[in-house]
1. Find all pairs meeting these conditions: Cβ atoms under 9 angstrom apart; at least six residues apart or on different chains; first residue within segment 80-102 and closer than 30 Å to Asn66 by Cβ; second residue exposed (fewer than 10 other Cβ atoms within 10 Å of the Cβ).
2. If we scan segment 14-36, do we find a residue that is β-branched (Val, Ile, Thr), more than 19 Å from the chain's Cα centre (by Cα) and surrounded by 19 or more Cβ atoms within 10 Å (Cβ to Cβ)?
3. Only strands (runs of 3 or more DSSP E) wholly contained in segment 1-56 count here; list those with 2 or more residues that are closer than 19 Å to Leu67 by Cβ and hydroxyl-bearing (Ser, Thr, Tyr).
4. If you take the residues of segment 60-119 that are among the small types (Gly, Ala, Ser) and more than 15 Å from Val48 (Cα to Cα), which of them is nearest to the chain's Cα centre (by Cα)?
5. Here is a list of conditions, (1) modelled with pLDDT of 95 or more; (2) aliphatic (A, V, I, L, M); (3) under 30 Å from Leu124 (Cβ atoms); (4) not assigned by TED's automatic domain parsing to the domain that holds Leu120, and Ala43 meets all of them except one; can you say which number that is?
Amino acid sequence: MSVKNREYIYPVIITPESSEPHTFTVEIPDIDGMTEGNSVSDALDMAVDYVGAYSLDNELPPSNTNLPKQHGNQIISLIQVHPDEYRRKHDNKVIKKTLSIPNYLNELGKEQNINFSEVLTESLKERLKI
């Protein structure tokens, strides 16, 4: 599988909510999206996650580094999104994989009702440090 390394940059508008302390609304105009966070940093992380999730089902528009006009206490910033990396981390689609193991391990595993897929998944995550 080839690894793409696409990168998209979008402006976001962060607005502190006066009615809810420690709440920051984030508008992502290029994809007509909104989310929120508990701090400016969290709001930026949530915006990146929102765009990443959006990219799973939708084509992203081209990058846009034009900053919108700031009003009042808004914070204008840019976010950087890597949709291919997001997909790799969040694609939980299960695939069937055929593998070979020694017969004695198969027999012992069946006797103890071991879920081979679960063991393989856990082992791969540990080996790959994810």
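The values are calculated or read from the model by the stated rules, or taken from the named source; none is laboratory data. As the structure is a prediction and not an experimental result, all values here were calculated from the model. Note that we place each Cβ from the backbone using ideal geometry, even for glycine, and neighbour counts take in every protein chain shown.
1. Qualifying pairs under 9 Å: His82/Asn5; Asp84/Val3; Asp84/Asn5; Glu85/Val3; Glu85/Asn5; Arg88/Val3; Lys89/Ile130.
2. For segment 14-36, residues β-branched (Val, Ile, Thr), more than 19 Å from the chain's Cα centre (by Cα) and surrounded by 19 or more Cβ atoms within 10 Å (Cβ to Cβ): present.
3. Result: 8-16.
4. Ser117
5. Of everything listed in (1) modelled with pLDDT of 95 or more; (2) aliphatic (A, V, I, L, M); (3) under 30 Å from Leu124 (Cβ atoms); (4) not assigned by TED's automatic domain parsing to the domain that holds Leu120, Ala43 misses just condition (3).
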